[in-house]
Amino acid sequence: MRATSPSTTSAGRALPQAAAALVVVLLLLVIVRLPWVGDLGMHAATVQRLRHSLLHPGNPLVDADTPSPYYSPWMLVLGCLAKLTGLSVFVVLRIGAFVALGLLVTGVWRYVRTLSAHRAAPALALLSLVLLWGPALFDWSGFLGLDSLALTVSYPSVLALGLSFHFWAWLTRALREETGWEKWLGLGLLWGLILLCHQFTGVVATLGALAMVIAARPGRAVLLRLGAALVVGVVLLGLWPYYDFFALFSAGADLEAIHRPLYDDLAGRFGLALLGVVALGMRCRRDRWDPLVLFFLLGALMFAAGGLTGHYSWGRALPAALIPAQLAAALEVVSAGKRAVRTGWACVLGAALAVGAWTQVGTLGYVVGRDALPGAVAAKYREPWVGYHWITPWVKYGDVVMARTMPARQIPAYGAYTVAPGYPDVFLPDAGRRDAAVRRYFAAGTSGDARRAIAREYGVRWVVGAKGSAEPWLRRVAGGPRGQVLYEVER
């Protein structure tokens with residue numbers, strides 16, 4: 001691949017580097033606040049269980065002895081850290097977020113350096129990855145938009161993405177240079193580790209690796225080493241003791257329903273990335289075996305196949321199309337042939353990044369709060385979840401709490417269990433029965449005796465419900481935000 005020498009001014013190089021540094025500083029400050037939306041409670045609950053039992057943690061959300069795909073190598077490391085230090089799970093998650101962000105930034109830098117020697121290329125790439133999305137805000141684990149990254153930076157998906165960029169950089173160099181067997185076997189271990197840490201990101205990492213191998217068109221000797229690396233990775237997946245990785249291929253319909261929204265409002269959420277598709281076309285004209293082009297095609301094909309066949313969870317492969325497009329958009333600023341073309345492209349990219357930044361400017365609120373934001377910016381800010389720390393003076397580790405879905409996504413973070421998990425669980429055989437029990441308990445027409453029977457069946461010690469929903473055998477203990485009340489079940 002042709003790498004151009006720097007031709008812009010030092011000021012032109014410094015501007016994207018300064019902007020990228022500001023983005024990193026912003027994310028570091030967000031980690032200090034650790035805003036809570038989405039799956040943070042699940043990951044905190046996972047650390048809680050490992051902190052109490054590294055060998056037999058059980059289900060992270062409900063009182064059941066089942067495996068869980070959330071018990072990944074990274075969560076095991078964080079669980080050990082929590083157990084050894086006595087730090088709260090939220091402090092441990094902050095430490096994990098700092099590590100994950102560091103791996104992501106350095107991984108982007110290393111991989112981009114395999115594509116361009118220009119000093120501004122890594123900074124431009126980082127800016128494009130976090131800002132080149134769309135005029136509509138979009139947050140989802142495994143997607144690198146600035147607002148999304150701010151809310152998920154402590155998730156295993158961010159660590160897995162950081163490892164993926166390092167994996168691609170390492171693989172690219174291994175394909176270009178004479179590389180010994182030990183490095184190829186290390187690549188296999190890293191590939192398996194990424195898949196265990198976050199399965200969907202592992203698919204993205206795999207598609208990227210496949211594109212790089214196709215682009216390199218390696219000889220027989222390299223293919224043998226590559227095959228050995230693949231075997232090592234598969235063995236690691238098979239030997240991991242905390243859950244059966246290959247059982248995830250039989251995940252139920254609930255997983256597809258959750259991912260159906262990934263196919264909504266594509267232009268609004270990802271429209272700015274079309275600039276990268278144009279850049280990919282320009283790269284393809286220069287080299288039809290360009291790895292970013294092949295990476296994009298593989299990701300786009302898998303995303304489209306998921307939509308056409310109803311396998312909407314395949315939509316999580318969309319970063320495999322977005323990442324190469326965003327990188328291509330950034331690299332055209334330093335790779336296009338004529339200086340006038342590069343300058344024009346830089347202006348177009350700058351405008352697109354400005355639109356993306358304005359769309360996600362509400363991220364500032366996670367650092368300073370809504371009250372410190374100007375009115376126009378505050379309108380773009382989304383308030384994080386409040387959490388359920390208010391129940392912790394009474395609810396202890398291992399207690400079972402009856403709660404609806406949204407509280408059930410947060411309460412286990414503090415050590416308690418809920419009757420039904422707040423998220424689909426492919427390893428919990430009675431998940432459907434538990435969900436039905438919770439719905440029946442909170443249904444308006446359910447008798448007090450039926451509610452008492454459900455509470456007894458699942459060993460419920462506490463109920464989180466609305467004011468005025470108490471039964472004679474419930475004692476009001478505390479009130480919380482939005483009219484919620486904590487009740488104790490009288491024995």
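So here's what we get for this one:
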quantity: Estimated distance in nm for a label pair at ALA18 and VAL234, the labels positioned 7 Å out from Cα along Cα-to-Cβ; calculated: 5.3 nm
quantity: Rounded FRET efficiency, nearest 0.05, which uses the C-beta distance separating LEU189 from ARG339 and R0 of 51 Å; calculated: 0.70
quantity: TRP385-ARG476 pseudo-label distance in nm [points 7 Å out on the Cα-to-Cβ vector]; calculated: 2.6 nm
quantity: Within the chain, helix-based [θ] at 222 nm, where runs of 4 or more DSSP H residues each add -39,500 (n - 2.57), nearest 500; calculated: -18500 deg cm²/dmol
quantity: Distance between the range 471-491 and the range 316-372 - C-alpha centres, whole angstrom; calculated: 49 Å
quantity: Candidate values (1) 43, 26, 19; (2) 38, 28, 22; (3) 53, 26, 22, label of the one derived for semi-axes √(5λ) of the Cα gyration tensor in Å; calculated: (1)
quantity: Convex hull (Cα only) mean projected area of the range 120-197, reported in nm² to one decimal; calculated: 6.3 nm²
quantity: Amide H contacts under 5 Å for TYR417, placed H, 5+ residues apart; calculated: GLY398, ASP399, VAL400, VAL401
quantity: Candidate aspartates and glutamates - alpha carbon under 18 Å from LYS396, same-chain residues fewer than 8 apart omitted; calculated: ASP63, GLU488, GLU490
quantity: Peptides ranked, highest mean first, by Cβ atoms within 10 Å: ranges 481-488, 266-273; calculated: 266-273, 481-488
quantity: Where the range 1-121 is the region considered: accessible area per residue in Å², 1.4 Å probe; calculated: 42 Å²
quantity: Mean Kyte hydropathy of 0.5 or more with a Cα span along the axis of at least 20 Å, helices from DSSP in the chain; calculated: 10-33, 89-113, 156-176, 181-197, 199-216, 220-239, 291-309, 319-335, 339-359
quantity: Length-normalised contact order for the chain - Cα pairs under 8 Å, 6+ apart - percent; calculated: 18 percent
quantity: Tensor-based shape of the range 72-168 (alpha-carbon gyration tensor, a/c under 1.5 rounded, otherwise prolate or oblate); calculated: oblate
quantity: Eligible aspartates and glutamates near LYS380 by straight Cα distance, threshold 15 Å, same-chain separation 8 or greater; calculated: ASP139, ASP147, ASP371
quantity: Hydrodynamic radius of the range 379-421 per Kirkwood, over alpha carbon pairs, in Å; calculated: 11.1 Å
quantity: Kirkwood hydrodynamic radius of the range 227-347, Cα pairs, Å; calculated: 16.8 Å
quantity: Pair ARG285, ARG440: separation of 7 Å Cα→Cβ label points (nm); calculated: 6.6 nm
quantity: Peptides ranked, highest mean first, by Cβ atoms within 10 Å: ranges 192-201, 46-55; calculated: 192-201, 46-55
quantity: Cα centroid separation - the range 176-226 against the range 99-139, whole Å; calculated: 21 Å
quantity: Calculated P(r) tail over 16 Å for the range 244-304, as whole % of Cα pairs; calculated: 63 percent
quantity: The chain - percent of accessible surface contributed by carbon and sulfur, probe 1.4 Å; calculated: 64 percent
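The values are calculated or read from the model by the stated rules, or taken from the named source; none is laboratory data. These figures come from a predicted structure and were not determined experimentally. No Cβ is skipped: glycine too gets one built from the backbone with ideal geometry, and neighbour counts run over all protein chains shown. Areas reflect the complete protein model, heavy atoms only, side chains present, ligands, DNA and RNA absent. Shrake-Rupley method; radii C 1.70, N 1.55, O 1.52, S 1.80 Å.
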